[in-house]
Amino acid sequence: MACCALVLFACAPAREPGEDLVRNGGFEQGDGDRPDGWERGMWLFGEQITRMGRSAEAYEGEYSAYIENLSPNDARWEQVLQVKPGTLYRFSAMVRARGCDPLEKGANISVKDIYGSSPDVHDTDGEWVHVELFGYTGDKQRELVLMARLGGYGSENVGRAWFDNVEAQEVSSDAIPEGAVLLFNLQPEPEERQRAVREPAPPGIGTLYMLAALGALFVALTLFLGWGKEPEGESE
């Protein structure tokens, strides 16, 4: 995967042609604090750690969605999207942030099980900023999980973030602006591969031969260094 920095804009750019795949990206539909079409996800669960819901502080319309991390956490609003294989998509959102640790991952949009995200924001001084992420789906990929997120993998953060106008659209390569974040593969690795990366593999036959050789060398050196030494008490 390759990515580079993206300049943030205080207002959303003109939309490119293409169907928006996100359902309820403005968070207008919902039951109380639960926006329709979205699921809560987080590294650590508990109301004393993270609070999530809908907010009346919106960029457009009546509602946005917020994440408040009272303690360091990676928390996100998640939605499964149906996508085409080998296709370029743009994911974008209007984001506002306050009180996030600048040394950790701030408010961003990203794809589940993929390292890399849109540019992240930590404190926008009450302003809404536009962030976006471009990426190609895998050759056989049919779905992905889009996340509006505060924090990241291995980078839990505190603070509060608001999200509005979350979108996902198929675009052509000439729609990528200079300096945009571009991920070349949005297909997560198979679970077996992920497990192999997390768990050290057992030693193979080559490793066992090497250990045996080292053991034999140690024994030989011990005998060599002790060869010719007279037993204590027998010297004249």
Checklist entry - What residues qualify as long-range amide H neighbours of Asp101, i.e. H under 5 Å apart, gap of 5 or more or another chain, H built at 1.01 Å from N? => result Val158
Checklist entry - Mind listing the phi-derived Karplus ³J(HN,Hα) values for the stretch 178-183, rounded to whole Hz, using 6.51, -1.76 and 1.60 with θ = phi - 60°, and x for any glycine or proline? => result 4, x, 6, 7, 10, 9
Checklist entry - Tell me, what ³J(HN,Hα) does each residue in the stretch 103-113 have, in order and in whole Hz, if you take phi through Karplus 6.51 cos²θ - 1.76 cosθ + 1.60 with θ = phi - 60° and put x for Gly and Pro? => result 8, 10, 5, x, 6, 7, 10, 7, 10, 4, 6
Item to check | Taking the convex hull of Cα positions in the stretch 135-186, its mean projected area over all directions (nm²) | outcome: 5.3 nm²
Next on the checklist: Whole-Hz ³J(HN,Hα) for each residue in the stretch 33-41, computed from phi via Karplus 6.51 cos²θ - 1.76 cosθ + 1.60 with θ = phi - 60°, x for glycine and proline: what do you get?
Outcome noted: 7, 10, x, 4, x, 10, 10, 7, x
Checklist entry - Mind checking the dipole of the stretch 36-127: about its Cα centre, +1 per Lys or Arg Cβ, -1 per Asp or Glu Cβ, Debye to the nearest 20? => result 360 debye
Item to check | Global form of the stretch 25-132, assessed from the alpha-carbon gyration tensor, a/c cut-off 1.5 | outcome: rounded
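Taking 22 Å as R0, compute the FRET efficiency from the Cβ-Cβ separation of Asp174 and Asp20 and round it to 0.05. Intermediate results must be reported in sequence, preceding the final value.
Working: r = 20 Å, r/R0 = 0.89.
Efficiency for this residue pair is about 0.65.
No value in this document is a laboratory result; all are computed from the given coordinates. Every value quoted in this text rests on a predicted model; they were computed, and no experiment measured them. Note that we place each Cβ from the backbone using ideal geometry, even for glycine, and neighbour counts take in every protein chain shown.
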